[in-house]
Amino acid sequence: MKDYKNLIPILKKIEKLSESKAISIKTALAELDPFGFSLIALILVLPFMQPFPVGPLSVIGGLTIAALGIQLLKRKPFPTLPQKLLVITPSNKSWKWITKVCIFIIHWSKKITMPRLLWFVSNETGLKFEGGIFILGGLLIAIPFVMLLPLNNFFPGLAILFATIAQFEKDGLFIVLAIFWIVFSILYFSLFV
């Protein structure tokens with residue numbers, strides 16, 4: 001299991017670097033590489049945790065998260081992301097927001113999680129659940145709606161968020177919650193199709 005205590009100093013380092021120069025997503029991910037798929041999915045899902053759709057960004061972001069899920073299921077050692085996504089250079093303000101939210105989530109998750117229902121997060125089974133949730137959640141985020149549908153990215157985003165927390169803290173209860181949000185999202189979308 002990776003030591004997620006080292007994650008907070010790395011996130012703060014990225015934020016500090018962004019004050020003096022532009023930091024691309026590729027550069028940040030190079031720093032975060034040991035934390036892999038779950039952390040990348042967490043960072044990618046944060047922009048979707050709002051009540052209204054984010055336009056074409058949701059298609060790109062959702063498909064990228066789904067691609068991470070496919071790579072997890074194929075047992076790739078490191079995530080591969082599209083070049084168009086890697087060259088995006090968020091502003092210092094954006095990096096501050098991303099690191100602040102990630103650190104908040106890490107602190108919050110440590111308070112409410114514990115190792116339990118380990119079958120959902122261990123070894124091959126855990127990878128299948130996490131990969132499947134990333135694929136379904138990413139595809140649900142990527143669905144473009146003609147009408148403005150409130151929370152259409154938020155609910156599948158919750159599923160992805162809970163799956164990442166489950167892997168960080170080895171808490172299978174959060175995989176169960178992620179599955180709930182996937183099912184809820186599908187039911188919610190079916191009301192408007």
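The values are calculated or read from the model by the stated rules, or taken from the named source; none is laboratory data. These numbers come from a predicted model, not from an experiment. Don't worry about glycine lacking a Cβ; one is built from the backbone with ideal geometry, like all the others, and counts go over all protein chains shown. Note: accessible area is taken over every heavy atom of the protein model, side chains too, but ligands, DNA and RNA are not part of it. Shrake-Rupley method; radii C 1.70, N 1.55, O 1.52, S 1.80 Å.
Suppose R0 equals 22 Å; then what is the FRET efficiency for W108 and F180 from their Cβ-Cβ distance, rounded to the nearest 0.05? Write down the numbers at each step before the final one.
On the way: r = 19 Å, r/R0 = 0.86.
Once rounded, the FRET efficiency stands at 0.70.
State in Å² the accessible area per residue of the chain; use a 1.4 Å probe, count heavy atoms of protein chains only, and round to the nearest integer.
Values: 9960 Å² over 193 residues.
Dividing the accessible area of the chain by its residue count gives 52 Å².
Which links in K13/K111; K13/K84; K5/K26; K13/K110; K16/K84; K74/K110 stretch past 26 Å when you go from one Cα to the other?
On the way: K13/K111 24 Å; K13/K84 24 Å; K5/K26 22 Å; K13/K110 21 Å; K16/K84 24 Å; K74/K110 29 Å.
Beyond 26 Å: K74/K110.
Relative contact order, percent, of the range 38-193 when contacts are C-alpha pairs under 8 Å separated by at least 6 residues?
Averaging sequence separation for qualifying contacts and normalising by length gives 36 percent for the range 38-193.
First compute the accessible area of the chain with a 1.4 Å probe, then give the percent of it belonging to carbon and sulfur atoms.
Values: 6980 of 9960 Å².
In the chain, the share of accessible area belonging to carbon and sulfur is 70 percent.
Which helices pass in the chain if a helix is a full DSSP H run, must span at least 24 angstrom along its long axis by Cα, and must have mean Kyte-Doolittle hydropathy not below -1.0? Intermediate values should be presented prior to the final figure.
Values: long enough: 56-73 (26 Å, 1.81); 92-112 (30 Å, 0.04); 123-142 (28 Å, 0.95); 172-190 (27 Å, 2.45).
Sorted by number, the helices that extend far enough and score high enough are 56-73, 92-112, 123-142, 172-190.
Could you sort M114, M49 by accessible area so the largest value comes first, with the probe set to 1.4 Å? It would help to have the intermediate numbers written out before the result.
Details: M114 100, M49 55 Å².
So, going from the largest accessible area down, we get M114, M49.
Please give, to one decimal in nm, the separation of the simple spin-label points placed at L17 and L187, each 7 Å out from Cα toward the Cβ.
4.4 nm
Just checking my list (i) -0.61, -1.06; (ii) -0.46, -0.88; (iii) -0.66, -0.91 against log10 I(q)/I(0) by the Debye sum over Cα atoms at q = 0.11, 0.15 Å⁻¹ computed from this structure; which label fits?
(ii)
On a full-extension model of 0.36 nm per residue, what is the gain between L118 and V101, subtracting their alpha-carbon distance, rounded to one decimal in nm? Please list the in-between numbers first.
On the way: separation 17, 0.36 × 17 = 6.12 nm, distance 2.63 nm.
Working it through step by step, the gained length comes to 3.5 nm.
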